[in-house]
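Asks: Sharing a structure with you now.
The values are calculated or read from the model by the stated rules, or taken from the named source; none is laboratory data. It should be emphasised that the depicted structure is a prediction, and the values quoted were computed from it without experimental measurement. When we count neighbours, we look across all protein chains shown, and the Cβ atoms used for this are built from the backbone with ideal geometry, even at glycine. We work out accessible area using only protein heavy atoms, side chains counted, and drop any ligands, DNA or RNA first. Shrake-Rupley method; radii C 1.70, N 1.55, O 1.52, S 1.80 Å.
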Amino acid sequence: MQVVLVGSGAREHALAWRLARSPGLTELHAAPGNPGIAALGRCHPVRADDAEGLLALALTLEADLIVVGPEGPLVAGVGDHLRMNGFPVFGPSADAARIEGSKSFAKDVMRAAGVPAAQTLSVARAPCVVKADGLASGKGVFVCRTPEDVDDALLAVTQLGGEFVIEELLEGEEVSLFALTDGRSVVPFGAAQDFKRIGDGDTGPNTGGMGAYSPVAKLADPDALVEQIHEPVLEELARRGSPFVGCLFAGLMLTGDGPKVLEFNARFGDPETQVLMPRMQGDLLQLLFACAVGDVAGTSASMSDEAAVTVVIAAPDYPARSDYAGVQIDGIEEAESAGALVFHGGTAVRGSTVVTNGGRILSVTATGATVADARGHAYAAVEQISFEGARYRRDIALA
């Protein structure tokens, strides 16, 4: 199959790495891709949100499958445009992607589906959570424990523009739970725990994610949770005439009253994908294609018994800024020689040198017999990599 992977982050690099291992792959293409993906396939200078450019590329390549990685193009309807022109697309329609693109829409769907979720509040009063209604690259959630936190959150969310929602503050541990679907049948796809805040001990502002690990021992039966949480939401979206095709990602809080949904996302997670792909067993390409063509019934996805940990190396001013560019990165080959997978998130090539080009620069992933083993391998590899201003959390997956 000729496959076009849309996106340029570490999530897409991890997907590309797994897709490249499929015996059914003829050639892998990425739009626009990144230097890591370029070692696995051909990258094309087409933006992820350029629907016409992606269509022209797909026509030229006679693509058999298009996999859309980021949420922005999905919410904007890129998948619809490609699907309307006859291409199988792994990724939901714009209508279905509203489950991520609008927090208020997601709340309405969850209420109708009877899914346990954080309650919506009418007034912002501590303790509470203030969330931007639309997409904010993981930076639109503000946990408020004091009146001062509420004031700061309302100012920040107003600066993001658009509407916002207020929720009760749930206490517990957050877990990301994934399922793949063709709009009718559902395939559970594992769980991971990510670390959203910039600083050790979960301090500082939210980010797009600073690391993750999988499996999550706290989830005794992830498949049963998919049945309880994902399936009713997918049925409700189909009932509304917006069947969801792709990866439905539930962010859960494990509370004393059981798991409750914090949010849904309409795509694979980042950095969760970086720990799920090394654990996945089987053919990812065939599974994604089956979802795209409506034929996933009877298929399954299994994960190895190994654990995986990823640590994100970020720019010095991230998350306030995501434009750290042109700084030489050293040690990637040494980290890979030590057995780690280094997924490129915000990099570019200048001459023959890999340089920074973003906020979350690299995701360094390692596996092991246990989470502790994988963690040790991951941090040993992180220590091989350096660039001016590099920062990373030192407590990812720490027991």
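Asks: How would Lys218, Lys196, Lys103 rank on accessible area, largest to smallest, probe 1.4 Å? All intermediate terms of the calculation are to be shown ahead of the outcome.
Replies: Details: Lys218 95, Lys196 55, Lys103 35 Å².
From most exposed to least exposed: Lys218, Lys196, Lys103.
Asks: Related question: Provide the descending list of Cα extents for the chain along its principal axes, expressed in whole angstroms.
Replies: 54, 46, 41
Asks: While we're on this one: When you count, for each residue, the other Cβ atoms within 10 Å and take the mean per peptide, how do 288-298, 121-131 rank with the highest first? Working shown, then result.
Replies: Working: 288-298: 18.5, 121-131: 15.9.
Ranked by mean Cβ neighbours within 10 Å, highest first: 288-298, 121-131.
Asks: On the protein heavy atoms, probe 1.4 angstrom, tell me the percent of accessible surface of the chain carried by carbon and sulfur. Please list the in-between numbers first.
Replies: Values: 7590 of 15910 Å².
Ligands and nucleic acids excluded, carbon and sulfur reach 48 percent.
Asks: Kindly write out, for the range 12-24 in residue order, the coupling ³J(HN,Hα) from the Karplus curve 6.51 cos²θ - 1.76 cosθ + 1.60 (θ = phi - 60°), rounded to whole Hz, with x marking Gly and Pro.
Replies: Coupling constants for the range 12-24: 5, 5, 5, 4, 4, 4, 6, 4, 5, 8, 7, x, x Hz.
Asks: Taking 0.36 nm per residue of separation and subtracting the Cα-Cα distance, what length does fully extending Asp295 through Ala38 add? Kindly include the intermediate steps, with their values, before the conclusion.
Replies: Working: separation 257, 0.36 × 257 = 92.52 nm, distance 3.04 nm.
Residue separation times 0.36 nm, minus the Cα-Cα distance, leaves 89.5 nm.
Asks: How large is the dipole of the chain about the Cα centre if only Lys and Arg carry +1 and Asp and Glu carry -1, each at its Cβ, rounded to the nearest 20 debye? Don't skip to the answer; put the middle values down first.
Replies: Numbers: 30 positive and 51 negative charges, 58 e Å.
That gives a dipole near 280 debye.
Asks: To continue, here is another question. Skip the ligands, DNA and RNA, and give the accessible area per residue of the range 194-345 with a 1.4 Å probe, whole Å². Numbers along the way, then the final one.
Replies: Values: 5720 Å² over 152 residues.
Here the residues of the range 194-345 average 38 Å² of exposed surface.
Asks: Quick check: Cα centre of the range 222-300 to Cα centre of the range 126-163, how many Å?
Replies: About 27 Å separates the Cα centre of the range 222-300 from the one of the range 126-163.
Asks: Round to the nearest 0.05 the FRET efficiency obtained for Gln228 and Leu160 when R0 = 30 Å and r is the Cβ-Cβ distance.
Replies: Values: r = 32 Å, r/R0 = 1.07.
Calculated transfer efficiency: 0.40.
Asks: Go ahead and estimate [θ] at 222 nm for the chain from helices alone: -39,500 (n - 2.57) per DSSP H run with n ≥ 4, summed, over the residue count, rounded to 500.
Replies: Numbers: 14 runs with 118 residues, N = 399.
My calculation for the chain gives -8000 deg cm²/dmol from helical runs alone.
Asks: Step through the residues of the range 169-183 one at a time and calculate ³J(HN,Hα) from phi using the Karplus curve (6.51 cos²θ - 1.76 cosθ + 1.60, θ = phi - 60°), rounding each to whole Hz and writing x for Gly and Pro.
Replies: Here the 3J(HN,Hα) series is 8, 8, 10, x, 10, 8, 9, 9, 10, 10, 8, 9, 8, 9, x Hz.
Asks: Using a probe radius of 1.4 Å on heavy atoms only, what accessible surface per residue do you get for the range 78-147? Whole Å² is fine.
Replies: Values: 2920 Å² over 70 residues.
I get 42 Å² per residue for the range 78-147.
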